[in-house]
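Read-outs: derived from the displayed coordinates by stated rules, not from any lab. Computed from a predicted structure; not experimentally measured. As a convention, Cβ positions derive from the backbone with ideal geometry for all residues, glycine included, and neighbour counts pool all protein chains shown.
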Amino acid sequence: MSELQYRLPQTRALVTELPGPRSQALTARRKAAVAAGVGSSVPVYAADADGGVVVDVDGNSLVDLGAGIAVTSVGASNPAVAQAVAEQAAHFTHTCFMVTPYESYVRVAEELAALTPGDHEKRSVLFNSGAEAVENAVKVARLATGRDAVVAFDHAYHGRTNLTMALTAKSMPYKAHFGPFAPEIYRMPMSYPFRDEAGLTGEQAARRVISQIEKQLGADSVAAIIIEPIQGEGGFIVPARGFLPTLVGWAREHGVVFIADEVQTGFARTGAWFASEDEGIVPDIVTMAKGIAGGMPLAAITGRAELLDAVHPGGLGGTYGGNPVACAAALAAIDTMREFDLPARARHIGDVALGRLRALAADLDVIGDVRGRGAMLAMEFVKAGGTEPDPDITKAIAARALEQGVILLTCGTYGNVIRLLPPLVIGDELLGDALDVVEATIRTLAGSTRG
């Protein structure tokens, strides 16, 4: 891997309590100007960011184990991305690809055809957000198959628009009071090894799903199955091996479009370009966003040519979809991932972190499960000695870690999962320091629960 260079010191350093006075002042201004429905995980405001650190407006340097929810994989101010953005913006910021097209959109589509699983002929469409990508993948599947039903899964997260809220499993805060939702969405049980009955294999879990589909829907009514190869917001749930391939095999047999939602797992995050590669599955359509463009808003669907080309001209698109500045950023981000071999870097992060987290779990009965792949890792917290979810200790761990300068994110259907999503360019020393804080925080709080 090429040698990483950083613009900011890659150290954790606190000069005020958190949140500091400037962050507190911004919070007061925010309350008067920003809708209360917009939440933030941490109460500090960013002023700068680079590599694995975020510097807040009070001058505190925090270790970033969130990466903007798996977005800034190449760093929040990657020099190649920043240069590409500046150069493109100096020429034109927008024409709308549907009006006056440009080469960078085509180049991104060519890259996606090369990077996504499978060697079949592919087509791509670019959008702005993961939710848009998911909506359009479902549109394509319904049109191409002439069917209506879409199968989604327990613990799924696919977005906040009306259709994607219907696909998303968790009510609060994503769905509560926002209905009615789009029809013809059917939810099936996910393979969740930590909470499944003992001994249930991935293939058996998939057969359970298939049986329910065939009994409740009928295969010939199903347009698509959509699933995150590793679930994100639902708790970083890694399905048992065999679950995904069995579902793909059934979908192929029955003409059902298999959509892999790789919005969070894509672009080197799990140690491969796409998480689907782990078991060699080849989705019919892949949805992408987050890490695709180094922090610029860009999303995409890439799928079998016969599916996407079935849509009539004008049926896919959007005013800002594939914005030229975002396309320039994506091309630079992809080049950076190749140059620094970020899939390998993600695997290294996983090797370092998983060993420590599993050793910690062996010592503490409040950690029910440690799971993940590459730099997409999680700990599920439970009441001591059992499997009952413990969201209280989970929130306390994230809050206590922030007090010490480490940004952690929580997730999970039960609110009891700590997720680790560091930028893939984080250095070993900084990662080790952050893990020291996380470990000490968990040990302290686990000890207090025993008291």
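Sequence-ordered 3J(HN,Hα) estimates for the stretch 197-202 from the Karplus curve with 6.51, -1.76 and 1.60 and θ = phi - 60° stand at 4, 4, x, 5, 7, x Hz, glycine and proline given as x. Farthest toward the positive end of the dipole of the chain, out of Ser41, Ala440, Thr302, is the Cα of Ser41, where the dipole comes from beta carbon charges about the Cα centre. Packing here is the average count of other Cβ atoms within 10 Å per residue, and on that basis the peptides 12-24, 298-310, highest first, run 298-310, 12-24.
Across the stretch 351-357, coupling constants 3J(HN,Hα) worked out from phi with the 6.51/-1.76/1.60 Karplus curve, θ = phi - 60°, read 4, 5, 6, 4, x, 5, 5 Hz, and Gly and Pro carry x. Overall, the chain carries a charge dipole of about 980 debye about its Cα centre when +1 sits on the Cβ of Lys and Arg and -1 on the Cβ of Asp and Glu, all other atoms neutral. Amide H contacts of Asn60 (H built 1.01 Å from N, in plane; Pro and chain starts excluded): Val15 sit under 5 Å, all sequence-distant by 5 or more or on other chains. Counting only Cβ charges, +1 for Lys and Arg and -1 for Asp and Glu, the dipole size of the stretch 251-338 around its Cα centre is about 320 debye. Using just its DSSP H runs of length 4 or more, each adding -39500 (n - 2.57), the chain gives a mean residue ellipticity at 222 nm of -12000 deg cm²/dmol after division by all residues. Here the stretch 81-339 is assigned +1 on the Cβ of each Lys and Arg and -1 on the Cβ of each Asp and Glu. Its dipole about the Cα centre then comes out at about 600 debye. Relative to its Kirkwood radius, the Cα radius of gyration of the stretch 176-215 gives an Rg/Rh of 1.13. Taking every alpha-carbon pair under 8 Å whose residues sit at least 6 apart, the chain reaches a relative contact order of 22 percent. Dividing the alpha-carbon radius of gyration of the stretch 277-354 by the rule-of-thumb value 2.2 N^0.38 Å gives 1.36. If you plug the beta carbon distance of Thr387 and Thr444 into 1/(1 + (r/R0)^6) with R0 = 25 Å, you get a FRET efficiency near 0.65. The stretch 316-383 and the stretch 225-259 have their alpha-carbon centroids 19 Å apart. The relative contact order of the stretch 81-339 comes to 31 percent, based on Cα pairs under 8 Å that sit 6 or more residues apart.
Legend: ranking of residues Ser221, Ser40 from fewest to most surrounding C-beta atoms inside 10 Å; resulting order Ser40, Ser221. Computing Rg and the Kirkwood Rh from the Cα coordinates of the stretch 248-407 gives a ratio, Rg/Rh, of 1.06. With the convex hull drawn over the C-alpha atoms of the stretch 113-219, the volume per residue is 156 Å³.
The distance separating the Cα centre of the stretch 1-76 from that of the stretch 114-142 comes to 32 Å. Per the Debye calculation on the stretch 48-166 with a single equal scatterer at every Cα and no solvent contribution, log₁₀ I(q)/I(0) for q = 0.16, 0.23 Å⁻¹ amounts to -1.14, -1.33. Within the chain, the ratio Rg/Rh, alpha carbon atoms throughout and Rh by Kirkwood, equals 0.96. I need the phi-derived Karplus couplings for the stretch 241-246: 6.51 cos²θ - 1.76 cosθ + 1.60, θ = phi - 60°, integer Hz, Gly and Pro marked x. Values, residue by residue: 4, x, 5, 5, x, 5 Hz. Counting lysine pairs in the chain that sit 8 or more residues apart in sequence, or on different chains, and whose Cα atoms lie under 28 Å apart gives 20. Near the amide H of Gly368, within less than 5 Å, lie the amide hydrogens of Glu380, Phe381, Val382, all on another chain or at least 5 residues away, with H placed in the peptide plane. Each of Ala362 and Arg7 was given a label point 7 Å from its Cα along the Cα-to-Cβ line. The distance between the two points is 4.2 nm.
Each label point was placed 7 Å from the Cα along the Cα-to-Cβ direction; for Glu197 and Ala36 their separation is 4.6 nm. Once the convex hull of all Cα atoms in the stretch 81-339 is built, its volume per residue stands at 128 Å³. Length available on full extension from Asp341 to Arg160: 0.36 nm per residue minus the Cα-Cα distance, which gives 61.9 nm.
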